[in-house]
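Here's the structure, in structure tokens; my notes come after.
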Amino acid sequence: MTTIRVPLHVRDLTPADVPACTWSGGRLHVAQLHAQLARPNVDYLAVCPPSDSPVAIGGVDHAAKPGAGLLFQLAVMPALQSCGIGTILIHAAEDRIRRQALSVAELSVEQDNPRAQKLYERLGYRAYGTEQDGWHEDDPDGTAVWHETVCTVMRKELL
């Protein structure tokens, strides 16, 4: 087996990047990315290889939770999951939270996504509750359907 190392950098996601992010969700999710980029108090990050095309994206809302930065819509290109890219994204998001003089990072993870929850636990996040969540998503024929789920709410004290 040959190992190839590719340098990655983290930058702000831009509206021009959105068409390249179809791997992160359906039509409705991609449309929502534009709305997230326009929100005040939100940083939306992209992890990119030398091609500068995003392979991971995620948001940080600095105002949604008093005293904490809220990580949301974290996604890594499926073919590149379990390569450490999600860890890079989360560390960059935590740095953005610290820059806002906040000392806590929070996120929620669907309970049927134990792989992601294990990553967050490995990075120091601890569960402290559950919450209902829901959103519109595309079904296979392109119709918007409501998806409901239960999420585990997690937090990490940032040093």
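What follows is calculated from the coordinates using simple rules that are stated; it is not laboratory data. Given the structure is predicted, the values throughout are model-derived calculations rather than measurements. Note that we place each Cβ from the backbone using ideal geometry, even for glycine, and neighbour counts take in every protein chain shown.
Other residues within the sphere of radius under 10 Å centred on the Cβ of residue 92, judged by their own Cβ, net out at -1 (K and R +1, D and E -1). Based on Cα atoms of the chain, Rg over Rh with Rh as the Kirkwood radius reads 0.95. Residues within the reach of a label modelled at residue 91 (point 7 angstrom out along Cα to beta-carbon, backbone nitrogen below 13 Å), restricted to segment 1-39, are 8-10.
For segment 25-159, the antiparallel share of DSSP beta bridges with both residues in that region comes to about 90%. Straightening the chain between residue 139 and residue 113 buys 7.4 nm, computed as 0.36 nm per residue apart minus the Cα-Cα spacing. Taken about its Cα centre, segment 9-157 carries a charge dipole of about 620 debye when Lys and Arg each add +1 at the Cβ and Asp and Glu each add -1 at the Cβ.
For residue 53, the shell of other residues with beta-carbons less than 12 Å away shows a net charge of -1, using +1 for Lys and Arg and -1 for Asp and Glu.
Placing a label point 7 Å from the Cα of residue 53 along the Cα-to-Cβ direction, the residues of segment 6-24 whose backbone N falls under 14 Å from that point are 17-24. In the chain, taking the dipole from charged Cβ atoms about the Cα centre, the farthest positive-side position among 146, 135, 10 is held by 10.
Helical runs (DSSP H, four residues minimum) scored at -39500 (n - 2.57) apiece and divided by the length of the chain put the mean residue ellipticity at 222 nm at -7000 deg cm²/dmol. What does the net charge come to around residue 17 if you take all other residues with beta carbon closer than 12 Å to its beta carbon, with K and R at +1 and D and E at -1? The answer is -1.
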